[in-house]
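Novice: Can you read through this structure? Questions will come right after.
Every number in this text was worked out from the coordinates using simple rules, so none of it is lab data. Here the structure is a predicted model, which is why all the values come from computation and not from measurement. Cβ placement follows ideal geometry from the backbone for every residue including glycine, while neighbour counts extend to all protein chains displayed.
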Amino acid sequence: MSTPTYVPGHGLLRGKSVLITAAAGAGIGFSAALRAAEEGCRAMMISDIHEGRLQEAAAKIREATGLERVHTCVCNVTNEEQVQALVAAAERELGGVDVLINNAGLGGSRLLVEMGDEEWNRVLDVTLTGTMRMTRAMLPKMMDRGRGVIVNNASVLGWRAQKEQSHYAAAKAGVMALTRCAAVEAAEHGIRINAVSPSIALHDFLKKSAPKELLDQLASREAFGRAAEVWEVANVMMFLASDYSSYMTGEVLSVSSQRA
């Protein structure tokens, strides 16, 4: 089935400020940043561990959307000092963060019996603990204002089994549980926390981290017979970030066309 037509912005984030982690390159994070600008956000800060690619991403967003207030900050979400510095910079430059999108994650393929502690810990530190660190740092700021939205990036592997994905699946299942529990704590402060759970969205990093044969096989299992475009996942993030999802919190939305 052919790729659907790109959906134009509808002003879903008009007047809001947005902070997005792992937004350089051509993956879901960059697409979410581009979509946020297209949806009318007043300002954003994008973060990544790659300074050069981060600046390139900011320039592309400015050129494509006309949004001038695209700020950047290098951050490794496994480093608490850098996380705190990112949140402080975003609060300062954006005049307060309305929406946080936790996109940073790390995958890979390895049989469990061949996986060392270092590889296991690295995937969980970036994907799960990094999401926790960002949420923990951002929540007090949002609590002081009595409003805010956090959108996390999970995966259908948090629900489903796949060979060589024990570390990544465990991390993403943790992101789902973190989303639900943090949402209950945040709700009384007027803050919503939800997550998207993509099945397969092709981008350069995924192509480098998994064999083409496996990716083709996974895409063929989808009802549409193809992988998602990264912007199709970002579209659901925009819905969760917007006021259209005002009664949703602690939810994990599957972005998938996979057959049951």
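Novice: Just to confirm a number: summing +1 for Lys and Arg and -1 for Asp and Glu over residues other than Asn152 whose beta-carbon lies under 12 angstrom from that of Asn152, what do you get? Before the final figure, lay out each step's value.
Specialist: Working: positive: Lys172, Arg180, Arg192; negative: Glu251.
In short, +2.
Novice: Subtract the Cα-Cα distance of Arg122 and Glu164 from 0.36 nm times their separation in residues, and report this length gain in nm to one decimal.
Specialist: Values: separation 42, 0.36 × 42 = 15.12 nm, distance 1.53 nm.
This chain segment gains 13.6 nm when fully extended.
Novice: Further, regarding this structure: Based on DSSP H assignment, which helices of the chain show an axial Cα extent of at least 24 Å together with a mean Kyte-Doolittle hydropathy greater than or equal to 0.5?
Specialist: In the chain, the long hydrophobic H runs are 166-187.
Novice: Now, a different point. Loop only per DSSP, at most 12 neighbouring Cβ atoms within 10 Å: give me the GluC sites (Glu not before Pro) in region 1-86, ordered by residue number.
Specialist: In loop regions of region 1-86 (DSSP not H, G, I, E or B), the sparsely surrounded GluC sites (Glu not before Pro) are Glu68.
Novice: What are the chymotrypsin sites (Phe, Trp or Tyr not before Pro) within region 139-239 that DSSP puts in a loop, where the Cβ has at most 10 other Cβ atoms within 10 Å?
Specialist: Hits after loop and neighbour filter: nothing returned.
Novice: How about region 40-103: which trypsin sites (Lys or Arg not before Pro) there lie in a loop by DSSP and see at most 16 other Cβ atoms within 10 Å?
Specialist: Numbers: sites: Arg42, Arg53, Lys60, Arg62, Arg69, Arg92; in loops: Arg42, Arg69.
Passing sites in region 40-103 are Arg42, Arg69.
Novice: Can I ask one more? Using a Gaussian network model of the chain with C-alpha springs under 10 Å, which one of Ala223, Ala171, Ala24 is most mobile by mean-square fluctuation?
Specialist: Ala223
Novice: 222 nm [θ] for the chain, helices only, -39500 (n - 2.57) per DSSP H run of 4+, per residue, to 500?
Specialist: -14000 deg cm²/dmol
Novice: Next question. Ranked from highest to lowest mean number of other Cβ atoms within 10 Å per residue, what is the order of the peptides 9-20, 246-257?
Specialist: The densest-packed peptide leads the list: 9-20, 246-257.
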